[in-house]
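J.: If you scroll down you'll find the structure; I have some questions about it.
None of the figures in this text is laboratory data; all of them are computed from the coordinates on show. No experiment lies behind these values; they were computed from the predicted model shown. Cβ coordinates were reconstructed from backbone atoms using ideal geometry, including for glycine residues, and neighbour counts include every protein chain displayed.
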Amino acid sequence: MPTTIRIAATLKARLTAAAARPGKSPHAFILDAIAQTVEQSEIDAEFHHIADERWATLRATGKTVAWDDAKTWLTARSHGQRPPKPTPRG
């Protein structure tokens, strides 16, 4: 489906130069940029969906993990260890 966009001359010159660096046409460069933006938008939407679900669970149960327990778990994970997940309290 053809789509037309209007690009200011200065941006068009920058686009042409940016596309040339990796050896792409301006058209291919634009398509890649659009695909990356759409993908990031989808990732952001999924992140917000998960966050909303977790927030709803927290509000419904009142259970949380203490910061010290979470910090200990995260530190161990960052060092390649596989500790058991901390238990929520509430």
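J.: Between Lys12 and Phe47, what length comes free when the chain is fully extended (0.36 nm per residue of separation minus the Cα-Cα distance, one decimal in nm)?
T.: Values: separation 35, 0.36 × 35 = 12.60 nm, distance 3.35 nm.
Contour length minus Cα-Cα distance gives 9.3 nm.
J.: How do Thr64, Thr3 line up, fewest other C-beta atoms within 10 Å first? Working shown, then result.
T.: Working: Thr64 13, Thr3 6.
Fewest-to-most ranking of Thr64, Thr3: Thr3, Thr64.
J.: Next question. In nanometres, what is the gap between the two model label sites at Ala76 and Arg54, each 7 Å from Cα along Cα-to-Cβ?
T.: The two pseudo-label positions are separated by 1.8 nm.
J.: Can I ask one more? Work out from phi, with θ = phi - 60° and the Karplus expression 6.51 cos²θ - 1.76 cosθ + 1.60, the ³J(HN,Hα) of each residue of the range 25-36, listed in order in whole Hz, and give x for Gly and Pro.
T.: With the stated coefficients, the range 25-36 comes to 7, x, 4, 4, 4, 5, 4, 4, 5, 5, 4, 5 Hz.
J.: I would also like to ask the following. Of all the C-alpha pairs in the chain, what % are more than 18 Å from each other?
T.: Here the tail beyond 18 Å accounts for 69 percent of pairs.
J.: Quote to one decimal, in nm, the extra length available between Arg21 and Lys63 on full extension: 0.36 nm per residue of separation minus the C-alpha distance between them.
T.: Full-extension gain reported as 9.9 nm.
J.: Next up: Taking a cut-off of 19 Å between Cα atoms, list the lysines near Lys85, but don't count ones fewer than 8 places away on the same chain.
T.: Lys63, Lys71
J.: Using only Cα atoms and rounding to the nearest 10 degrees, what angle (0 to 90) does helix 9-20 make with the longest principal axis of the chain?
T.: 70 degrees
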